[in-house]
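Everything on this sheet refers to the single structure shown next.
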Amino acid sequence: KKGKIGTTLRGIGPAYMLKYARKGIRVCDLWDKDRFYSLVRDNLEFVEELCKKVYCEAFEMKVDEVVDRALENFEEIKHCVTDTSSYLLNTKKSILFEGAQGTLLDVDIGTYPYVTSSNSSALGLSAGTGLPPKFFSGAKFLGVSKAYTTRVGEGPFPTELKDEVGDLIREKGKEYGATTGRPRRCGWLDLVALRHAVKLNGLDGIVLTKLDVLDGFEEIKVCTAYKIGNETFENFPASLFLLEKAQPIYKSFEGWKESTYGITSAEDIPEKAMNYINFIERFVGVPVVMLSTSPERDKYIWLSEVFHGKRVGSSNIC
């Protein structure tokens, strides 16, 4: 359909809609069965009325069935539920926070409306944990980026490759949605977008993944600016209208023939691959601190000591 977002169709958007309509149900509500029953009943009445008036469709779901199923599932996670912010504030251990999705899917700073329903950038740290912003002072922030660019669903994608090169990247990288199985859109690395993400998140470094997918390419490109009409844009535009018209300006690199799959030593990185990595670092302004070379957890290379060894433990959060 025209204007579709291309979501995973797993109910995330409707759940957030109920949250901001003050009709959402939280995990803490499941501790009190009577209270939970009342909330589910009110919730279903709201949804039923919405379906009738907006979608002209009947929505039938029995309160007892929903409550019983939810409480049964709650038993599986009950031991994990606690006052999260208090738990984190009182811990004496180092903490690793891990986000999901990507910066440009952030509901506030992403390519709106082609975004998720929450803050999927570093902005979501305080909102998602209940911790005050100053808790993260002194923290190190790492961004994770593929050596090329992908996107799931709709939205502007200046470097998208709709040819055999894009198909090859998709097949080599196994770029299919983990939830839906849909083929991801693939393209050359967009350094304008990556630098934008580095700035918005205040990143200290980047973990570069799937470099091995680019093994064997005769030529590899990166986007260093956009051409929009007669103007050149070196920064990521806030306007979706402009971004949809953007044509990538590329810098080309000679590819490498050697395999990088599974290597664990910096000495084994091909010279031309290292040239590619070095250019990324210079362009985005932060170091590539780690290189992932395989889906296996132990196949990686530390390229910077800032996040390695004892220095990691010097901060409350790494």
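Every number in this text was worked out from the coordinates using simple rules, so none of it is lab data. None of the values given here were measured: they were computed from a predicted structure. Quick reminder, even Gly has a Cβ in these numbers, built from the backbone with ideal geometry, and neighbours come from all protein chains shown.
In straight-distance terms, cross-link reach from residue 299 covers every one of the aspartates and glutamates whose alpha-carbon lies under 17 Å from its own, apart from those fewer than eight places away in the same chain; here that gives 212, 215, 258, 267, 268.
Measuring against 28 Å, Cα to Cα, the residue pairs 172/221; 174/257; 33/134; 19/140 contain 33/134; 19/140 as the ones spanning a longer distance.
With the highest mean first, a sort of the peptides 52-59, 113-120, 13-20 on other beta-carbon atoms found within 10 angstrom per residue produces 113-120, 13-20, 52-59.
Three principal axis extents of region 49-117 based on alpha-carbon atoms, in descending order, are 53, 38, 16 Å.
Over all distinct alpha-carbon pairs, what is the Kirkwood Rh of region 27-74 in angstrom? Working shown, then result.
On the way: mean 1/r = 0.0878 Å⁻¹.
After inverting the mean inverse Cα-Cα distance, the result is 11.4 Å.
Among 143, 173, 11, the largest mean-square fluctuation in a Gaussian network model of the chain, built with springs joining Cα atoms closer than 10 Å, belongs to 11. Distance between the modelled labels on residue 46 and residue 259, one decimal in nanometres: 5.5 nm (7 Å Cα→Cβ projection).
For the chain, the longest principal axis of the C-alpha atoms and the axis of helix 164-173 are separated by about 70°. Relative to the longest principal axis of the Cα atoms of the chain, helix 33-50 runs at roughly 70 degrees. Counting only alpha carbon atoms, the long axis of helix 63-77 and the longest principal axis of the chain meet at about 50°.
Using all pairs of distinct alpha-carbon atoms, the Kirkwood hydrodynamic radius of region 85-213 works out to 16.2 angstrom. Of all the options 142, 96, 104, the one that moves most in a Gaussian network model of the chain with Cα springs shorter than 10 angstrom is 96.
Note on the chain: GNM, Cα springs under 10 Å; of 209, 179, 129, the largest mean-square fluctuation is that of 179. Rounded to the nearest whole Hz, the Karplus-based 3J(HN,Hα) values (6.51 cos²θ - 1.76 cosθ + 1.60, θ = phi - 60°) of region 183-199 follow the sequence x, 7, 7, 10, x, 5, 5, 8, 6, 5, 5, 5, 4, 4, 5, 4, 5, with x at glycine and proline.
Mean residue ellipticity, 222 nm, helices only, the chain: the sum of -39500 (n - 2.57) across DSSP H runs of n ≥ 4, divided by residue count and rounded to 500, is -9000 deg cm²/dmol. The distance from the alpha carbon centre of region 34-65 to that of region 134-163 is 37 Å, rounded to a whole number.
In terms of its C-alpha gyration tensor, region 90-314 has an oblate overall shape, because the principal axis ratio a/c (a ≥ b ≥ c, square roots of the eigenvalues) is not below 1.5 and a/b does not outweigh b/c.
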